[in-house]
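The values are calculated or read from the model by the stated rules, or taken from the named source; none is laboratory data. Treat the numbers as computed from the prediction; the structure is a model and nothing was measured. Using ideal geometry, Cβ is built from the backbone for each residue, glycine included, and neighbour counts are taken over all protein chains shown.
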Amino acid sequence: MINADQCVHCGLCLTACPTYEATGLEVESPRGRLVLLAQWAENPAERDASTATWLDDCLDCRACESVCPAHVPTGHLVEQWRAEADPADVDRRLMPWLKLLIGSPFGLNWLRKLGRWSQIPAARAFMKWTAPQFATPAVALMDGLLDYTPGPLSRHRLRSDADDGGVLLFVGCVMDAIYAETNVHTAALLRLAGQPVYVPIQQRCCGALHLHAGRRDEARQWAQRNIETYEKSKAHAIVVNAAGCGTTLKEYPQLFLHDSAWRERAVRFSEAVQDVLVVLQNHPLPDLPVRHERITIHDACHHVHAQQIFEAPRALLSRAGYQIEEMADSTRCCGSAGVYNLTHAEMSQKLLQNKLHNIPDGIETVAAANPGCMLQIQAGAVHFGRTLRVRHPVDLAYQAYQDQGYWSTGGPHGGQLA
């Protein structure tokens, strides 16, 4: 049951909320949405599709939760509303495609093919013709695949070290299919940090996209599969390199509030989840010489707001020799937000333009630790003619260590790459 009564209506959330900043409307703010939820709880007859739009516009970026003195879990309340809402109030037309494309390695292979086809002009035109409402923004988003490399899923490329207490690398779905190289580089850096890596092929999607759309039952299914996979391993930790996945994995216990057996298992699982940037902060890699390359950092919402991870990417990149120039409002949402950039394209583009405006002049590389953010900002740079490369901090660090002779053929660190 939704309970929004914890809000004290102080208004501190207003300036933190991207949709309020974009519209100036109280109903597009966390406080306004909580008032609406409270009114609907008292009088369900007041619910209608037009006012539901204001709720469904929520990015679930958790920025409001970071500044709320009453600790109102607005993001979770909106997710709960989506789970209970009338089907007409929440756009779920993408969910069958998500289930097909990210529900299994077979589907992920098709996602890789779609990524490759989207780079072919004729295929792009066909995709737009078949489903213009979603395919048009989706194809535009694929402009962000500047560094896309065809090949097998990362889970099929990565060898596992002996399963004797190392870390389980969670390869995700979009990361596995679209950013396979990042997963490979993640494993290499973990090994360099002295962490044996285990990559079970049985792992599945974390369920984040399903949760954002209110599909909690499907998210529970993926959670159970991932919990069972972890329990069968001897790994002492689960390492994840995607901010959105990491948040969802850490919040698995909330999916089993009324199932004590699974809740206990979910708690043990969530306590083992660690972000790779935090792992590499706690197990530092060697310091490298300063590089003549200035970069900036976009802080993914589910890093900085949901997990309070801010210093870790800066520590890794500084150790790798990069010169960091801070981005104004680096913690503001870029408008990706799962599939928000497909279902709410107009609002998403407003937020994206604000993000691009805040990138310092002269900077050609943006570090971002979430696949949706990487795609979104890179596609925006292409569309608006900005000379930018958006890369995961792990990829940047890997490049720096490779430039210093790590993983070179026959070198002293050869064989680390798997």
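Remarks
- Any hit, segment 236-248, residues being assigned to a strand (DSSP E or B), modelled with pLDDT of 95 or more, crowded, with 24+ Cβ neighbours inside 10 Å and touching a Gly at 6+ places or on another chain (Cβ under 8 Å): yes
- Residue match in segment 345-357 (condition: in a loop (DSSP other than H, G, I, E, B), acidic (Asp, Glu) and out of contact with any Phe, Trp or Tyr (no Cβ under 8 Å at 6 or more places or on another chain)): no
- Summed over segment 154-213, the residues that are in a loop (DSSP other than H, G, I, E, B) and over 20 Å from the mean Cα position of the chain (by Cα) give a count of 16.
- The set of residues in segment 58-78 being surrounded by fewer than 20 Cβ atoms within 10 Å (Cβ to Cβ) and out of contact with any Pro (no Cβ under 7 Å at 6 or more places or on another chain) consists of Ser66, Val67, Pro69, Ala70, His71, Pro73, His76.
- Failed criterion for Thr343 (all others in (1) out of contact with any helix residue (DSSP H, G or I) (no Cβ under 7 Å at 6 or more places or on another chain); (2) within 25 Å of His156 (Cα to Cα) hold): (2)
- Criterion (over 20 Å from Val339 (Cβ atoms) and part of a helix (DSSP H, G or I)) met by exactly one of Ala22, Ala38: Ala38
- Qualifying residue in segment 402-416 (condition: of a type in the set (D, E, K, R), in a loop (DSSP other than H, G, I, E, B) and either touching a helix residue (DSSP H, G or I) at 6+ places or on another chain (Cβ under 6 Å) or at pLDDT below 95 (or both)): no
- Per this entry, Ala45 is not counted among residues that are part of a helix (DSSP H, G or I) and closer than 21 Å to Leu351 by Cβ.
- Qualifying residue in segment 301-312 (condition: in contact (Cβ under 8 Å) with a residue 12 or more places away in the chain, part of a helix (DSSP H, G or I), within 21 Å of the chain's Cα centre (by Cα) and surrounded by fewer than 17 Cβ atoms within 10 Å (Cβ to Cβ)): yes
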